[in-house]
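Presented below is the structure to which this report refers.
The values are calculated or read from the model by the stated rules, or taken from the named source; none is laboratory data. Fair warning: this is a prediction, and the values are worked out from it, not measured in the lab. Heads up, the Cβs are rebuilt from the backbone with ideal geometry, glycines too, and the neighbour counts pull from every protein chain shown.
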Amino acid sequence: MSGIIGKKIGMTSIFSAAGKSIPCTVIQAGPCVVTQVKTLEIDGYSAVQLAFGEKKEKNTSGAMKGHFLKANTSPKSKLVEFKSFENAKSLGDIVTTEIFEEGDWVEVVGTSKGKGFQGVVKRHGFSGVGMQTHGQHNRLRAPGSLGASSWPSRVFPGMRMAGRTGGARVKVQNLEIVKVLNDQSIILVKGSIPGAKGSYVIVEK
Amino acid sequence: MEFIKALEQTLVEKKDHAPFKAGDTVTVHYKIKEGDKERIQQFQGVVIQRKGSGVTETFTIRKISNSIGVERIVPVHSPFIEKIEVNKKGVVRRARIFYLRDLTGKKARIKEKKQFVKS
């Protein structure tokens, strides 16, 4: 699995060759720097670590400064490991949008927008009580029963309840790449991707 | 946001249509593909709203066809649109004239804007 680190910029729509309007997300993808190459002999598995996004030197720890110095690059804010690339990568290599082509299918990983403490209707898609009358006066969006009574005399673990929603790692599969602009390091992906504008995303191929 | 607007301009060809707004009567000439043949069809009606901005802008157009109200949502910069002809400028007080949906017959008329020409 190869890929690239990017930043979500926002959404727009373009017209396809057939004239259809395609909603798409604009991603600033790369250029990323290879900051570490993990090998089977040394690390027990093989992977390529990519870095993306500028970071101030004063906010970088000494250990990380040394890590970036090895790859001969400035401090970066986001580091992600990828399992394999088609061409072998060495320390300090640059990965750009050229690994993608129009029509490729990709998976995009991001951190979804935080929604705070939410009830079961929004969080788990419960349908609520479904009635406003017939004795329902303050429980329109209530979860209902949590289980049986004397047996088991407890609530089973994993029962879906209200709580913190969003802000989790989400992967969206099978998104089509509509456009690749190599000179600007921009890719356009059909459909929506998780996360807020300006948040980091991982585009996996 | 500015970046996306700049990007849109490079990706989508904007069309210069005659300016029109809600309340105007327009004729949309749009291409229809049947197999590999292409022909142009027309849709005449009242614009009841313009929505969105930039290349994603659309407008809703409404007409009464066989006493049934028909609405179409059309992207302004769609390549399927051959041209947009403005037939009549209307006088309306708001940008979205959804009240027109509840009116029929003589009530559903829109006053025409008077055009003064310098002599």
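Has segment A:157-176 got any residue that is within 25 Å of A:GLN49 (Cα to Cα) and either modelled with pLDDT under 90 or not in a strand (DSSP E or B) (or both)?
Within segment A:157-176, one or more residues are within 25 Å of A:GLN49 (Cα to Cα) and either modelled with pLDDT under 90 or not in a strand (DSSP E or B) (or both).
Go through segment B:1-59 and give me each residue that's closer than 30 Å to A:ILE27 by Cβ, surrounded by 14 or more Cβ atoms within 10 Å (Cβ to Cβ) and hydroxyl-bearing (Ser, Thr, Tyr).
B:THR56, B:THR58
Residues A:SER61, A:SER21, A:SER90, A:SER74: which one is within 14 Å of another protein chain (Cβ to nearest Cβ), over 20 Å from A:ILE202 (Cβ atoms) and among the hydroxyl-bearing types (Ser, Thr, Tyr)?
A:SER21
Check off (1) in contact with a strand residue (DSSP E or B) (Cβ under 9 Å, 6 or more places away or on another chain); (2) small (Gly, Ala, Ser); (3) within 14 Å of chain A (Cβ to nearest Cβ) for B:ALA22 and give me the number that stays unchecked.
Every condition holds for B:ALA22 apart from (3).
Among B:VAL28, B:VAL12, which is the only one that is in contact (Cβ under 8 Å) with a residue 24 or more places away in the chain and touching a helix residue (DSSP H, G or I) at 6+ places or on another chain (Cβ under 9 Å)?
After applying the criteria, what remains is B:VAL12.
Just to verify a result, which residue in segment A:163-184, among those that are surrounded by 15 or more Cβ atoms within 10 Å (Cβ to Cβ) and farther than 16 Å from A:CYS24 by Cβ, is farthest from the other protein chains (Cβ to nearest Cβ)?
By that ranking, first place goes to A:THR165.
Given segment A:76-148, what strands (runs of 3 or more DSSP E) lie entirely inside it while holding 3 or more residues that are within 30 Å of A:VAL34 (Cβ to Cβ) and touching a strand residue (DSSP E or B) at 6+ places or on another chain (Cβ under 9 Å)?
Correct list: A:76-82, A:105-111.
For every residue, the table says whether it meets (1) closer than 16 Å to A:MET1 by Cβ; (2) surrounded by fewer than 15 Cβ atoms within 10 Å (Cβ to Cβ).
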{"position": "A:GLN36", "(1), (2)": "no, no"}
{"position": "A:LYS58", "(1), (2)": "no, yes"}
{"position": "A:PHE85", "(1), (2)": "yes, no"}
{"position": "A:THR97", "(1), (2)": "no, no"}
{"position": "A:GLY119", "(1), (2)": "no, no"}
{"position": "A:MET131", "(1), (2)": "no, yes"}
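Can you pull out the strands (runs of 3 or more DSSP E) entirely within segment A:1-67 that have at least 1 residues that are farther than 30 Å from B:SER53 by Cβ?
The strands (runs of 3 or more DSSP E) meeting that bar are A:3-15, A:32-38, A:47-54.
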